[in-house]
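The values are calculated or read from the model by the stated rules, or taken from the named source; none is laboratory data. Note that the structure is a prediction, hence the values are computed from the model and not measured. Cβ placement follows ideal geometry from the backbone for every residue including glycine, while neighbour counts extend to all protein chains displayed. These accessible areas exclude ligands, DNA and RNA; they are computed on the full protein's heavy atoms, side chains included. Shrake-Rupley method; radii C 1.70, N 1.55, O 1.52, S 1.80 Å.
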Amino acid sequence: MTSYLSKIFGTSPVDPIQEHMDTCFQAAKKLTPFFKAVVDDDWETAIAVRAEIVELESRADDLKSQVRSNLPKNLFLPVPREDLLELLSYQDKIANRAKEVSGLVLGRKMKIPPEIKVDFLAYVSRNVDAAKKARKSIRELDELFETGFRGAEAKLVESIVAELDQIENDTDDMQAKLRARIFAIEDELKPVDVMFLYRILELTGDVADRAESVGHRLELILSH
Amino acid sequence: MAFEFLMTNGGYYLALAALFGIFMAWGIGANDVANAMATSVGSKALTVRQAIMVAAVFEFAGAVLAGGAVTSTIRKGIVDSSLLVDKPEVLVLGMLAALLAAGCWLLLASRNGWPVSTTHSIVGAIVGFAVVGMGIESVKWDKVLTIVASWVASPLTAGIIAFLIYNSVQWLILSREDPLERARRYVPFYMFAAAFVMTLVTLFKGLSHVGIHVTTVEAYLLATFFGVLIALIGKYFISRIKVDKKAEKKFHYYTVEKVFGILMVVTACGMAFAHGSNDVANAVGPVAAVISVVQTNAVGQSAGVSIWVLLMGGIGIVIGLATYGRHVIATVGSKITHLTPSRGFAAELAAATTIVFASGTGMPISTTHTLVGAVLGVGMARGISAINMDVVGRVFLSWVVTIPAGAGLAILFFYILKAIFM
């Protein structure tokens with residue numbers, strides 16, 4: 001027994017998008033214990049944490065394709081389908097960056113200069129904060145669907161995104177300061193290591209950048 | 001000749017009419033009602049058991065209190081019976097064939113999950129036998145065209161009403177900072193509106209077939225009374241809803257939806273009532289036609305639809321519900337999970353209002369199409385997270401198949417019955 005009335009209602013993309021964001025955040029969050037282990041020269045732990053990141057990233061990929069396959073072209077949605085797909089791809093990049101940066105560090109057994117250790121870990125954790133805020137905004141997605149992307153709930157999401165912007169600004173400032181400090185000690189380090197150190201800074205900073213993009217995408221959906 | 005013929009076979013015809021009529025009513029109860037009730041079950045406003053209780057009571061009430069006008073249309077609005085004065089048996093056999101055809105087609109369609117409408121089947125079947133059995137001029141084409149036009153107008157109307165209702169919900173309640181307080185305050189007004197409209201249309205248009213006549217003032221007073229009564233009862237239940245902190249944390253509108261859940265109980269009753277008022281006629285209209293011919297040996301007399309025929313239809317639907325419909329309600333309901341009460345009520349209220357109004361004016365419309373139109377209206381107001389437009393298209397296109405299928409089967413059965421009895 002099948003019924004056409006039930007088939008009219010397509011699978012809502014909300015839950016899987018939220019689950020995807022959560023998985024991407026979990027991957028980014030692992031950067032904190034990962035870099036802690038790297039700084040402490042505990043490579044065994046670093047390898048273990050990296051494996052977890054890879055695992056989470058691939059789960060995010062699965063969820064992503066699951067959302068995509070549930071969003072066929074003939075689906076009528078309250079928001080443009082393209083916006084949702086783009087939101088999804090920004091979320092995905094958060095996990096991708098976590099995987100990339102941890103892979104790079106592990107592959108070269110990179111050492112973080114002791115002078116910048118504390119500030120670097122703070123920088124990592126601020127980037128994770130940004131991903132967490134992005135998750136918080138995406139956690140409001142079901143409420144946004146409930147309220148038709150209007151009114152008080154839309155304002156709440158806008159304020160979360162504003163907080164996210166603030167965190168991303170923090171990471172930019174922190175990154176600039178870290179660059180200056182690396183520049184100051186550049187001569188004491190191997191040139192290749194310095195090059196990669198800058199690269200690590202950038203890739204880590206990308207986590208906050210992508211998180212911010214998620215927030216901005218969500219805002220764009222609100223303005224429709 | 002015809003006179004004697006009816007005298008000898010009249011008993012058979014009555015028995016067959018009752019049998020086929022109950023068969024079709026059973027089919028409606030088994031499948032069609034499920035679609036009308038599934039939205040309530042899917043949004044968890046009602047359990048399956050409660051949905052069956054509501055459906056049984058209100059389908060029955062709708063059929064008896066407001067089903068007369070549509071029954072008349074099916075019975076004598078489509079075929080010009082004045083052409084049949086000298087051969088009443090053709091009308092009897094034709095109506096029997098139409099019933100059997102629509103019943104079989106529905107059974108086949110619901111087994112295969114085809115989105116067909118009971119109304120389209122029966123109208124197609126009646127037109128089919130009339131064209132073949134009595135000639136193309138025997139069909140009241142202007143009336144048929146009006147009916148077909150109403151099949152386009154009813155989903156459209158329901159869609160627009162649903163759009164407006166849902167937008168008002170957004171504006172009054174959901175987009176505000178204190179949605180729960182606002183829901184508690186405004187939801188009783190929607191309950192009032194639902195009860196008021198249902199009662200008013202029934203009083204104006206339906207009850208005359210039961211032999212009750214009310215004046216305009218009385219009708220408004222009674223409708224207001226029922227509206228206030230329902231709103232007060234609803235308000236009491238709403239005041240008993242407690243805030244579930246844990247569920248609120250996960251979904252901030254959890255308690256708000258609970259309030260709408262109470263409203264949806266009211267609109268579910270309205271939906272069942274509306275369905276009963278319109279769709280029961282599909283089964284009992286032809287039965288009423290057969291009875292009036294056999295009892296009076298004449299065609300086209302003006303006696304109203306007798307109550308017990310409507311009762312029979314109501315009972316048939318309830319049996320269909322009890323034997324088979326509950327499984328369908330459970331299955332369909334479990335699949336419609338993304339229709340929350342704040343949306344479901346808007347769709348149901350819009351559909352029920354449209355259907356009851358159509359019933360009042362004697363228009364046999366498709367309940368399912370009207371409900372789908374209402375759901376689309378909520379979707380247009382950005383209320384539904386995903387609507388499968390392919391399926392919507394198939395639902396609306398289905399009547400292009402259903403009408404010729406109903407007509408073809410009716411013609412086939414008409415010749416078979418003719419070979420047996422004439």
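Within the option set A:R97, A:R150, being in contact (Cβ under 8 Å) with a residue 12 or more places away in the chain, under 30 Å from A:S65 (Cα atoms) and of a type in the set (K, R) holds for one residue only, A:R97. Based on what the data block shows, is A:V54 surrounded by fewer than 21 Cβ atoms within 10 Å (Cβ to Cβ), under 15 Å from the mean Cα position of the chain (by Cα) and in contact (Cβ under 8 Å) with a residue 40 or more places away in the chain? Yes, satisfied.
For A:P78, the conditions (1) modelled with pLDDT under 95; (2) surrounded by 15 or more Cβ atoms within 10 Å (Cβ to Cβ); (3) assigned to a helix (DSSP H, G or I) all hold with the exception of (3). Looking across the range B:344-378, just one residue is farther than 22 Å from B:A149 by Cβ and open to solvent by 10 Å² or more (accessible area, probe 1.4 Å), and that is B:L349. Across the range B:169-191, the number of residues qualifying as touching a helix residue (DSSP H, G or I) at 6+ places or on another chain (Cβ under 6 Å), in a helix (DSSP H, G or I) and open to solvent by 60 Å² or more (accessible area, probe 1.4 Å) comes to 1.
Within the range B:284-301, the set of residues being at pLDDT 70 or above, open to solvent by 10 Å² or more (accessible area, probe 1.4 Å) and touching a Phe, Trp or Tyr at 6+ places or on another chain (Cβ under 8 Å) comprises just one member, B:V294. Of the numbered criteria (1) open to solvent by less than 30 Å² (accessible area, probe 1.4 Å); (2) closer than 30 Å to B:I384 by Cα; (3) touching a residue at least 60 places away in the same chain (Cβ under 8 Å), the one A:R210 fails is (1). Consider the range B:236-274 and keep the residues that are within 14 Å of chain A (Cβ to nearest Cβ) and among the charged types (D, E, K, R). The one that is farthest from A:I138 (Cα to Cα) is B:K258. Quick check on the range B:26-34. Is at least one of its residues within 14 Å of chain A (Cβ to nearest Cβ), more than 30 Å from B:S342 (Cβ to Cβ), open to solvent by 10 Å² or more (accessible area, probe 1.4 Å) and outside any helix (DSSP H, G or I)? Checked the range B:26-34: no residue is within 14 Å of chain A (Cβ to nearest Cβ), more than 30 Å from B:S342 (Cβ to Cβ), open to solvent by 10 Å² or more (accessible area, probe 1.4 Å) and outside any helix (DSSP H, G or I). Scanning the range B:38-78 for residues that are of a type outside the set (A, V, I, L, M), farther than 30 Å from B:G94 by Cα and away from every other protein chain (no Cβ under 14 Å) yields B:K44, B:T47, B:R49, B:Q50, B:F58.
Elements of the type helices (runs of 4 or more DSSP H) sitting completely within the range A:118-224 and holding at least 3 residues that are more than 14 Å from every other protein chain (Cβ to nearest Cβ) and under 17 Å from A:D83 (Cβ atoms): these cover A:191-222. Just one of the listed residues (B:V400, B:V332, B:V391, B:V375) is among the β-branched types (V, I, T), in a helix (DSSP H, G or I) and away from chain A (no Cβ under 14 Å), namely B:V400. The condition (being part of a helix (DSSP H, G or I) and either within 20 Å of B:E348 (Cα to Cα) or free of Cβ contacts under 8 Å to residues at least 60 places away in the same chain (or both)) is satisfied by just one residue among B:A268, B:A283: B:A268. If the condition is being open to solvent by less than 10 Å² (accessible area, probe 1.4 Å), assigned to a helix (DSSP H, G or I) and not β-branched (V, I, T), then the range A:58-75 contributes only A:A60. Selection of the range A:100-111 for residues being closer than 17 Å to A:A208 by Cβ and either open to solvent by less than 70 Å² (accessible area, probe 1.4 Å) or among the β-branched types (V, I, T) (or both) yields A:V101, A:S102. The set of residues in the range A:13-40 being of a type in the set (G, A, S) and either over 11 Å from A:A60 (Cβ atoms) or in contact with a Gly (Cβ under 7 Å, 6 or more places away or on another chain) (or both) consists of A:A37 alone. For A:R97, are the conditions met, namely being closer than 19 Å to A:A51 by Cα and either surrounded by fewer than 23 Cβ atoms within 10 Å (Cβ to Cβ) or more than 14 Å from chain B (Cβ to nearest Cβ) (or both)? So A:R97 fits the description; yes. Does B:I136 satisfy being within 14 Å of chain A (Cβ to nearest Cβ) and of a type in the set (A, V, I, L, M)? No; evaluated as a whole, the condition is false for this residue.
Filter the range A:1-48 down to the residues that are more than 14 Å from chain B (Cβ to nearest Cβ) and assigned to a loop (DSSP other than H, G, I, E, B), then identify the one that is surrounded by the most Cβ atoms within 10 Å (Cβ to Cβ). Step by step, filter the range A:1-48, then rank; the result is A:K30.
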